[in-house]
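Working notes for the structure below.
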Amino acid sequence: MKLSKRLEMVAQCVPIGARLADIGSDHAYLPSYLAMHKRIEFAIAGEVVQGPFESAKTTVDLQCLNQYVDVRLGDGLDVVCLDDKIDTVTICGMGGELITQILERGRLAGVLQNVHTLILQPNMAESHVRKWLMAHQYRVEQEYILKENQKIYEIIVAHASINSVAYTEKEVMFGVYLPLEKSDTFIEKWTNELQKIDDVLGHLEKSSRDTTDKKAYFLRKKQSIEEMIQ
């Protein structure tokens, strides 16, 4: 079994011996790969849609991994209970807002109380994820940015903290560690974002409505990006 470049990076972030919940597991590739390589003790592969759920079951059955990977049908962290003793959660390939909604529902249900590691790969709105982590005392420990099939992905690894966590506005927007390296992929991502902002500003200039506040917001964002990647 070979993972995509993105999921392979996520797999490397999963602690050895973890009890994992992979939410939105999509064929259960990640937990199956980890189980085959004896990297985890146990995993739940959670899927909310019947088709992907069946595909995940097929993957696990074909690899004879039923003893290690339990495929469950349910919405988000609803598939997890405290008796599972899950300590690590992965959520990959969703928008940042949806990821935070899943985490918040899980927190309110109490299933995150023993989870010390979150490995999150939002497709967009990464700032929403960092804000939620900060609000609920998960400290960002590692960040990765990579490009695969012409798409750029960020991976955020966070650990539960007994102390409060505080990030600046720029750290929430750009990342805690990614700006330190400013890799070519990081520069490419934010250069693309600048182009999108210029397009938006162009449309706002042509609008017959009062767009003063919107233009001010996007101009501030544009300035922050330009300062970051210069």
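So in the stretch 9-58, with the set limited to residues that are in a helix (DSSP H, G or I) and in contact (Cβ under 8 Å) with a residue 40 or more places away in the chain, which one is farthest from Val69 (Cα to Cα)? Talk me through it step by step, then tell me what you get.
Our first condition is that a residue be in a helix (DSSP H, G or I); within the stretch 9-58, this holds for 9-13, 29-36, 50-58.
If we keep only those that are in contact (Cβ under 8 Å) with a residue 40 or more places away in the chain too, we end up with 9-10, 13, 30.
Details: Met9: 20, Val10: 17, Cys13: 18, Leu30: 10 Å.
Taking the candidates together, the pick is Met9.
Here are the criteria: (1) under 21 Å from Val140 (Cβ atoms); (2) in contact with a strand residue (DSSP E or B) (Cβ under 6 Å, 6 or more places away or on another chain). Tell me which single one Glu8 does not satisfy.
Condition (2) is where Glu8 drops out.
With the condition kept exactly as written, say whether any residue in the stretch 198-211 is surrounded by 16 or more Cβ atoms within 10 Å (Cβ to Cβ), modelled with pLDDT of 95 or more, of a type in the set (Asp, Glu) and on the phi < 0 side of the Ramachandran plot.
Among the residues of the stretch 198-211, not one is surrounded by 16 or more Cβ atoms within 10 Å (Cβ to Cβ), modelled with pLDDT of 95 or more, of a type in the set (Asp, Glu) and on the phi < 0 side of the Ramachandran plot, which makes the answer no.
Consider only pairs whose beta carbons are under 6 Å apart and that are at least six residues apart or on different chains; among these, list those whose first residue lies in the stretch 159-180 and is of a type in the set (Val, Ile, Thr) and whose second residue is part of a helix (DSSP H, G or I) and modelled with pLDDT of 95 or more.
Here the result reads Val165/Met134; Val172/Ser127; Val172/Arg130; Val172/Lys131, each pair linking the stretch 159-180 to a residue that is part of a helix (DSSP H, G or I) and modelled with pLDDT of 95 or more.
Taking into account only those residues within the stretch 122-140 that are surrounded by 15 or more Cβ atoms within 10 Å (Cβ to Cβ) and over 15 Å from Met173 (Cα atoms), which is farthest from the chain's Cα centre (by Cα)? It would help to see each step written out before you state the result.
First, the residues of the stretch 122-140 that are surrounded by 15 or more Cβ atoms within 10 Å (Cβ to Cβ): 122-123, 125-134, 136, 138-140.
Retained after the next criterion (residues that are over 15 Å from Met173 (Cα atoms)): 136, 138-139.
On the way: His136: 16, Tyr138: 13, Arg139: 14 Å.
Checking each candidate, the answer is His136.
Test each condition in (1) part of a strand (DSSP E or B); (2) farther than 20 Å from Glu188 by Cβ; (3) touching a Pro at 6+ places or on another chain (Cβ under 7 Å) for Ile99 and report the one that comes out false.
The number of the failed condition is (1).
Any chance you could count how many residues in the stretch 187-216 are more than 25 Å from Tyr153 (Cα to Cα) and in a helix (DSSP H, G or I)?
Count: 11.
If Ser25 passes every condition in (1) buried (at least 19 other Cβ atoms within 10 Å of the Cβ); (2) modelled with pLDDT of 95 or more but one, which one does it miss?
(2)
Going through the stretch 92-114 one residue at a time, which ones are over 10 Å from the mean Cα position of the chain (by Cα) and touching a residue at least 60 places away in the same chain (Cβ under 8 Å)?
Scanning the stretch 92-114 gives a single hit, Ile102.
Could you check Gly51 against (1) exposed (fewer than 15 other Cβ atoms within 10 Å of the Cβ); (2) modelled with pLDDT of 95 or more and say which number it fails?
With (1) exposed (fewer than 15 other Cβ atoms within 10 Å of the Cβ); (2) modelled with pLDDT of 95 or more applied to Gly51, the lone miss is (2).
The values are calculated or read from the model by the stated rules, or taken from the named source; none is laboratory data. Remember, predicted model here, so these are calculated numbers, not experimental data. No Cβ is skipped: glycine too gets one built from the backbone with ideal geometry, and neighbour counts run over all protein chains shown.
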